[in-house]
């Protein structure tokens, strides 16, 4: 009789556990689907509200993580496991893990600071954390950048916020800094006229602030001129390269020499007195 009772108990318990297991799996699968739907809808809602793209992705990642935690806890609860005790155990374990993973927590905190202070946003070209590139995505712990040669760089948020951040895209305009070197034999008025004409010819140069063209230094082998027009940030590199080329073309056409390092060597010849000196 005891064996029959044990078999009956196992059959009843096994059937109940199987039902709970199937229900837990259903909760997990459906919960993941609901999480994905809620995540997509929240992203679309924030985009329609014209929320900053950086904030949209960051909040979306946090929301998805929290929803997945709720789904997992619901599935575990369906199996009959006391989630209250489990949460307490996970809290204690989380404290220990948190102490061991202080760097990760620092990266999370840095990610929050990025959202609050917004030193950069998606699409900005920045130098930070020892790397340079266009901000492609900001995760909970890391920031993804894309370099000019299409490489992806993943940098911890803590590293991004640990030093100076140079954001080349924060303003609509930038100043192009060029240096044009000419020889000492070049006429000052001609050089100034050529440089002014090159700048005035480029339609991408802004009228305000006005371009600055000045003689800046007299070096050992050259006279340096600064050429500093203002342009839209998106036109910076095109203007930099094309204006440098145009200056060289105009200097060649005007016969203005471009110096190269050189040194004058003076050789002095001394006449040697030849003859025998008496007594030597």
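Being under 18 Å from the mean Cα position of the chain (by Cα), over 16 Å from residue 125 (Cβ atoms) and not in a loop (DSSP other than H, G, I, E, B) is the filter here; which residues of the range 161-191 pass it?
161
If you check residue 138 against the conditions, is it over 30 Å from residue 113 (Cα atoms) and in contact with a helix residue (DSSP H, G or I) (Cβ under 8 Å, 6 or more places away or on another chain)?
Criteria not met by residue 138.
Taking residue 179, is it surrounded by fewer than 16 Cβ atoms within 10 Å (Cβ to Cβ), in contact with a helix residue (DSSP H, G or I) (Cβ under 7 Å, 6 or more places away or on another chain), within 30 Å of residue 217 (Cα to Cα) and in the same structural domain as residue 202 (by TED's automatic domain parsing)?
Taking the combined requirement at face value, the residue does not satisfy it.
Scan the range 192-208 for residues that are in a loop (DSSP other than H, G, I, E, B) and touching a residue at least 24 places away in the same chain (Cβ under 8 Å) and jot them down.
Matches in the range 192-208: 202, 204, 205, 206.
Just to check your reading of the model, which residue among 213, 226, 258 is buried (at least 17 other Cβ atoms within 10 Å of the Cβ) and either in contact with a strand residue (DSSP E or B) (Cβ under 8 Å, 6 or more places away or on another chain) or not in a loop (DSSP other than H, G, I, E, B) (or both)?
213
The values are calculated or read from the model by the stated rules, or taken from the named source; none is laboratory data. It should be emphasised that the depicted structure is a prediction, and the values quoted were computed from it without experimental measurement. As a convention, Cβ positions derive from the backbone with ideal geometry for all residues, glycine included, and neighbour counts pool all protein chains shown.
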